[in-house]
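The structure appears below as structure tokens.
The values are calculated or read from the model by the stated rules, or taken from the named source; none is laboratory data. For clarity, every value in this text was computed on a predicted model and none was experimentally measured. Here the Cβ is made from the backbone with ideal geometry for all residues, glycine too, and neighbour counts use every protein chain on show. For accessibility, only protein heavy atoms count, side chains too; no ligands or nucleic acids. Shrake-Rupley method; radii C 1.70, N 1.55, O 1.52, S 1.80 Å.
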Amino acid sequence: MGSLDVERTTVGWAATDPSGILAPYTYTLRNTGPDDVYIKIHYCGICHTDVHQIKNDLGMSNYPMVPGHEMVGEVLEVGSNVTRFSVGEIVGVGLLVGCCKSCRACESDIEQYCNKKIWSYNDVYTDGKATQGGFAEATVVEQKFVVKIPEGLAAEQVAPLLCAGVTVYSPLSHFGLKQSGLRGGILGLGGVGHMGVIVAKAMGHHVTVISSSDKKKKEALEDLGADDFLVSSDTIRMQEAADSLDYIIDTVPVGHPLEPYLSLLKLDGKLILMGVINTPLQFLTPMVMIGRKTITGSFVGSIKETEEMLEFWKEKGLSSMIEIVTMDYINKAFERLEKNDVRYRFVVDVKGSKLDE
């Protein structure tokens, strides 16, 4: 355990240029302030957003960068003002580690929409010090951005919930789509998409997975329990499914046409965009006007929604499909993720890894 008076060093795996190759990197953590929680990281999920960031796909990356924003770990120390957490507890940290606390979003407990939010990595704190993510031994985070993990949930299972899980839970909650009996579509069956199937099914929805090929049909129907599977290039089946869905969660992280999916929506149906895409998307306006359909977006989830989602996960007895790897495999894991070769989320066993090698 560190001292409140001495700045600590820690080891993480960082990218140093747009090649995105990660290697050991030693850096300092700030002292544990009055409102801070010092956390030893046990597990951290790998998200497609991490690929965008380490490779500077969005043109805003700063190096060296330790990625990772689905952190689960053990509390080693708490500041004098911290009352929600105690030493030895297992807690989580997601995509955000700061916000202004005074804007409309912050005052409404949706701090993920704060214009002054601070990302878990590839960002700077208000004092100018760089933020670094969860592929590291430890982190220091303000208590507001730390979430409680319900007893009984396995730490490695929780990691992908802190981004992928709450990312699909948040719009279903916000747009009033939690009631049973709805018909939903999940476009793309990756890390976020598989969470969408699990969460929507647990809410009692009829779930259709929509994909560009039938490669994942068996997995979608048999492993995840989806009710139907559509291949977007199968025009006959797509026409048969027209006007049948209340919503579609679009998780595809590359450019794609929207018209085929808009046609699947019922009157007042919603197409909810979640993939981070750095090229413009296009659609014909009549596809939206005729049917009063909505194209909208949703971004991760708030701390409040995250804790609500974790309780929902525990109550329903859910589990995600993950592949656990150690840190020395992380570059290979990123290669496989770019090829969509993971079922369905990589989770790094940080505590079981030798980070300085």
Any idea how far apart Ser102 and Ile21 come out in nm if each label point goes 7 Å out from Cα toward Cβ? 4.6 nm
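Considering only protein heavy atoms and a 1.4 Å probe, what is the carbon-and-sulfur percentage of the accessible area of the chain?
Working: 7730 of 15420 Å².
C and S fraction of accessible area: 50 percent.
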The chain, accessible area per residue, ligands and nucleic acids excluded (1.4 Å, Å²): 43 Å²
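For the chain, what does the equivalent ellipsoid look like in terms of its semi-axes, each the square root of 5 times an eigenvalue of the Cα gyration tensor, given largest first in whole Å?
Values: eigenvalues 250, 88, 74 Å².
For the chain, the semi-axes come out at 35, 21, 19 Å.
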How many angstrom separate the Cα center of segment 289-357 from the Cα center of segment 185-204? 12 Å
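In debye, nearest 20: dipole of the chain around its Cα centre with unit charges on the Cβ of K, R (+) and D, E (-)? Write down the numbers at each step before the final one.
Values: 34 positive and 46 negative charges, 136 e Å.
With only Lys, Arg, Asp and Glu charged at Cβ, the dipole is about 660 debye.
Can you give me the convex hull volume of the Cα atoms of segment 165-297, divided per residue and expressed in Å³?
Values: hull volume 13.0 nm³, N = 133.
Convex hull volume per residue, Cα atoms: 98 Å³.
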Debye, to nearest 20: dipole size of segment 165-297, +1 on Lys, Arg Cβ, -1 on Asp, Glu Cβ: 220 debye
Where the Cα atoms of segment 222-315 are projected onto their three principal axes, how long is each span, largest first, in whole Å? 40, 33, 25
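Just from its helices, what would the mean residue ellipticity at 222 nm be for the chain, if runs of 4 or more DSSP H residues each count -39500 (n - 2.57) and the sum is divided by every residue, rounded to the nearest 500 deg cm²/dmol?
Numbers: 10 runs with 75 residues, N = 357.
Taking each H run of at least 4 residues, the total per residue is -5500 deg cm²/dmol.
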GluC sites (Glu not before Pro), restricted to segment 1-109: which are DSSP loop and have at most 12 other Cβ atoms within 10 Å? Glu7
Less than 28 Å apart at the alpha-carbon level, and either on another chain or at least 8 residues along: which lysines does that give for Lys40? Lys55, Lys101, Lys116, Lys117, Lys129, Lys144, Lys148, Lys304, Lys314, Lys332, Lys351, Lys354
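Using a Förster distance of 22 Å, how high is the FRET efficiency between Phe299 and Ser212, based on the Cβ-Cβ distance and rounded to 0.05? Can you show the working numbers first?
Details: r = 24 Å, r/R0 = 1.11.
In this case the efficiency is close to 0.35.
Given Cβ point charges of +1 (Lys, Arg) and -1 (Asp, Glu) and nothing else, what value in debye, to the nearest 20, does the dipole of segment 137-228 about its Cα centre take? Walk me through the numbers before you get to the answer.
Working: 9 positive and 10 negative charges, 63 e Å.
In total the dipole reaches around 300 debye.
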Compactness of segment 31-159, expressed as Rg and Dmax over alpha-carbon positions, Å: 14.4, 41
In Å and from the alpha-carbon atoms only, list the Rg and Dmax of segment 287-357. 18.2, 59
So what's Rg/Rh here for segment 97-253, counting alpha carbon atoms and using the Kirkwood radius for Rh? 1.04
Report the FRET efficiency, 1/(1 + (r/R0)^6), for Asn340 and Ser80, where r is their Cβ-Cβ distance and R0 is 51 Å, rounded to 0.05. 0.65
